[in-house]
Structures are given as C-alpha cells and as structure tokens.
Ligand SMILES: [Zn+2]
C-alpha cells in the first residue's frame, strides 16, 4: 500500500515525501493527533519508503524490505510500545545496543515509539540521551495524541507533524474498502465510532444491527424486563445505549424537518419516519437526555446494573 493509498493526511504525507526527497529528514519526528486515524500507518509507510528496494520517496509493498516491515521482522525497524502501563527502560536496552552498530541494510534505522506519552521517567532519560546525540541515519518517530503529554525536553528535540481528524468522507471510504460495506452501512459505523477509525474498524456491522434490534425491543416494550439486562456487561451496555441514542437523534432530526441524508440509520429511514410522526419532540428529547446521562455515569465508572436501574426508574416518569 504505497503512500497514495493512505486515505486522508495528504498534507502530512506530502511534507514527509518532500523531506525524504530533499534529504532533510530530522532525527526525530513526533506524530500527534486523535486516536485511530492513521498515524501509525503513516509511520510504517515512512519506514517502508526509507528502506524500499524499488521505489524512491515512496514504497512498493512488494519488495523483500517492505515485506519484512509488514511482517514486523525488519532488523532496521524497531517498534517500541508500552508493556503493561508504560514503556520501561528494560525494553530499550537491546534497541540502544543496536544503535551502536551499523544498520543491517546500510541505510536508515527507524524506531517507531507508539503511545509515547507512556514513556516512564527512566526510559525518558535514555531516549533523551539518544535524541541529544543521535547516531547517523537514525530516525525516531514518536506517536502520541497530544504533545503536551510528553516531556517538553523530548518534544523540543522533535519536529512535530500534526494529524487532523479524518473527514467523514475519508472515514467512510476506508470502512467501505476494508470492511466490504456499502456507503450507508459505513455511515452507521462512522457515527457510532465518533469518527475514530480504529474503533470503527473493530466494529462488526452485523453485531451492531443485532444490538440495535435488541435495544429497540427493550425500550419498545410496555414493561421493561429486568432479566434482560441483569447480566449485561458494561461494554455491551454502552454500545447499546449509544445505538439507541443515535436512533432517537435521527427521530428528532426528522421532527425538526432536517433532511434524511444526515441520519445515522440510513437503512431504517421508513421506521424512523414512522416514529417521528407517532412520538412528540419533548418525549424524544427526554429519552435522549436520559440515555446520555446514563452513558455519562457509566463513563464515570457507575455500576452497570445500578446505572440502568436508575435509567428505568426515570424512564417510567417520562414515558407514561
Ligand atoms: Zn518496497
């Protein structure tokens, strides 16, 4: 997958290609931007472009070097990521030693440090020493969400490249391609994952449809059955509530006369139109608020059963 197949981030990629072409790559880059939008993919692309046997300023994904990087076993490419909660000094020993000798390919040595905000203090000192006197042809690429979460002494030695969130159309294109989904199916995933690509890619479309059906039935019955939620785990509860919140958001958008192309549940427009006619705006608003309050409580570590007990208690007051 050469650079032009990475969707979004055209500006960052063009800058990287220019730095390679002009032989002006610094020894340390810091990629910042929201989770799951392609920073890691771009860092791997950069490593491949520097070591590719066939392409200049790009990569082919076919040569032995690209293949080894994709497999995670290129001797000149090191990936460092947290073990447990942090990146520890013990993890860096072999890496530091390898920087003392010549590279395997006679070209660049690239180190990708993922979740760099988790570098422990002792590890930070050792990385800092390398950044102060970097061995020749060594590139260290740190990846994080916010540069303010990293020691300023490290940040000041890196060139920062900021990644913007993916646009809705870029996100939908990626999901359609990688998950073999239609545009309306990919739009459901875009909305439910709040534009976080890694979250969206981990979602199973059929599972989402099942969850949506279950939770619509749950809230649609006249008496809510306690047995159906007593065993529920927090993640499924949050997913279910997110889905139902989006459903009612669609209902209220139609009640306000918004065009149906902005709806999340593109595959259920007829049912949503029916519900928009049969319910009142204040009722739908109260339902959305209640679900959002419950999601908020769950995010603050409320017990799932207690959170839903409280929701159902208030549900009776607003629904009947
Ligand atoms: Zn290649």
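The values are calculated or read from the model by the stated rules, or taken from the named source; none is laboratory data. Here the structure is a predicted model, which means the values were calculated and not measured. Every residue, glycine among them, receives a Cβ derived from its backbone with ideal geometry; neighbour counts consider all protein chains shown.
Given the criteria in the same structural domain as residue 19 (by TED's automatic domain parsing), at pLDDT below 95, in contact with a helix residue (DSSP H, G or I) (Cβ under 9 Å, 6 or more places away or on another chain) and farther than 18 Å from residue 43 by Cβ, does residue 126 qualify?
Values: in the same structural domain as residue 19 (by TED's automatic domain parsing): yes; at pLDDT below 95: yes; in contact with a helix residue (DSSP H, G or I) (Cβ under 9 Å, 6 or more places away or on another chain): yes; farther than 18 Å from residue 43 by Cβ: yes.
It is true that residue 126 is in the same structural domain as residue 19 (by TED's automatic domain parsing), at pLDDT below 95, in contact with a helix residue (DSSP H, G or I) (Cβ under 9 Å, 6 or more places away or on another chain) and farther than 18 Å from residue 43 by Cβ.
Kindly list the number of the only condition in (1) outside any helix (DSSP H, G or I); (2) free of Cβ contacts under 8 Å to residues at least 24 places away in the same chain; (3) in contact with a helix residue (DSSP H, G or I) (Cβ under 8 Å, 6 or more places away or on another chain) that fails for residue 58.
With respect to (1) outside any helix (DSSP H, G or I); (2) free of Cβ contacts under 8 Å to residues at least 24 places away in the same chain; (3) in contact with a helix residue (DSSP H, G or I) (Cβ under 8 Å, 6 or more places away or on another chain), residue 58 is out only on (2).
Here's a check for you: in the stretch 204-217, which residue that is in contact with a helix residue (DSSP H, G or I) (Cβ under 6 Å, 6 or more places away or on another chain) and within 29 Å of residue 314 (Cβ to Cβ) is modelled with the highest pLDDT?
The extreme case among them is 212.
Report yes if some residue within the stretch 293-316 is under 23 Å from residue 205 (Cα atoms) and within 31 Å of the chain's Cα centre (by Cα); otherwise report no. I'd like the intermediate steps shown before the answer.
Step one: of the stretch 293-316, the residues under 23 Å from residue 205 (Cα atoms) are 295.
Checking the rest, the ones that are also within 31 Å of the chain's Cα centre (by Cα) come to 295.
Yes, that holds for at least one residue.
Before we move on, is residue 193 within 26 Å of residue 310 (Cα to Cα) and not assigned by TED's automatic domain parsing to the domain that holds residue 296?
Numbers: within 26 Å of residue 310 (Cα to Cα): yes; not assigned by TED's automatic domain parsing to the domain that holds residue 296: yes.
So residue 193 passes the test.
Just a yes or no: is a residue in the stretch 132-155 at pLDDT below 90, assigned to a helix (DSSP H, G or I) and either assigned by TED's automatic domain parsing to the domain that holds residue 33 or more than 23 Å from residue 15 (Cβ to Cβ) (or both)?
no
If a residue must be within 16 Å of the ligand (Cβ to nearest atom), on the phi > 0 side of the Ramachandran plot and surrounded by 16 or more Cβ atoms within 10 Å (Cβ to Cβ), how many such residues does the stretch 29-63 contain?
Total meeting the criteria: 1.
Against the definition (at pLDDT below 95, within 16 Å of the ligand (Cβ to nearest atom) and under 23 Å from the mean Cα position of the chain (by Cα)), how does residue 4 come out, yes or no? Talk me through it step by step, then tell me what you get.
Details: at pLDDT below 95: yes; within 16 Å of the ligand (Cβ to nearest atom): yes; under 23 Å from the mean Cα position of the chain (by Cα): yes.
Taking the combined requirement at face value, the residue satisfies it.
Given the criterion in a helix (DSSP H, G or I), at pLDDT below 85 and under 27 Å from residue 185 (Cα atoms), identify the matching residue among 245, 235.
Going through 245, 235 in turn, the sole match is 235.
Could you list, in sequence order, the residues of the stretch 64-120 that are away from the ligand (no atom under 16 Å from the Cβ), surrounded by fewer than 14 Cβ atoms within 10 Å (Cβ to Cβ), within 29 Å of the chain's Cα centre (by Cα) and part of a helix (DSSP H, G or I)?
Within the stretch 64-120, 90 is the sole residue that qualifies.
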